[in-house]
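Structure first, commentary second.
The values are calculated or read from the model by the stated rules, or taken from the named source; none is laboratory data. Since we're looking at a predicted model, the values are computed, not measured. Every residue, glycine among them, receives a Cβ derived from its backbone with ideal geometry; neighbour counts consider all protein chains shown. Keep in mind that these areas ignore ligands, DNA and RNA; they rest on the heavy atoms of the full protein, side chains included. Shrake-Rupley method; radii C 1.70, N 1.55, O 1.52, S 1.80 Å.
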Amino acid sequence: MIDNAGLVIRPVVTLIFLLGGLLLLRGSSSRFGAGCIAAGAALFLGAELYGVFTLRPFVGRFFDEEWRAQIATVDIAATLGLLLCATGLVAHAHRNSK
């Protein structure tokens, strides 16, 4: 049950980050921060959708090394996307605090 909730919640979170980044790009003075948020969200969303539709439905089968490597790659891409989102949030907040 928790695994299924995680598979649904993570793409929803990425869509919220992407929407926020696009809204900030449209009306913000900090284009760098907004661009980082949008780019990070796009990377995170791509990794999550690939993981959900291609890799995760096979939970319960024999996990070979190729599958584990693909899951690790998806997790790395998603984490880098979140890191880019966080960098954009910090840059946006720093620009607006001046």
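A few comments on the model shown:
- Residue match in segment 1-10 (condition: at pLDDT 80 or above and in a helix (DSSP H, G or I)): yes
- Selection within segment 66-86 - open to solvent by 50 Å² or more (accessible area, probe 1.4 Å) and either among the charged types (D, E, K, R) or in contact with a Gly (Cβ under 6 Å, 6 or more places away or on another chain) (or both): E66, R68, D75, L84
- Residues of segment 26-53 that are farther than 9 Å from G81 by Cα and surrounded by fewer than 18 Cβ atoms within 10 Å (Cβ to Cβ): R26, G27, S28, S29, R31, F32, G46, L49, Y50, V52, F53.
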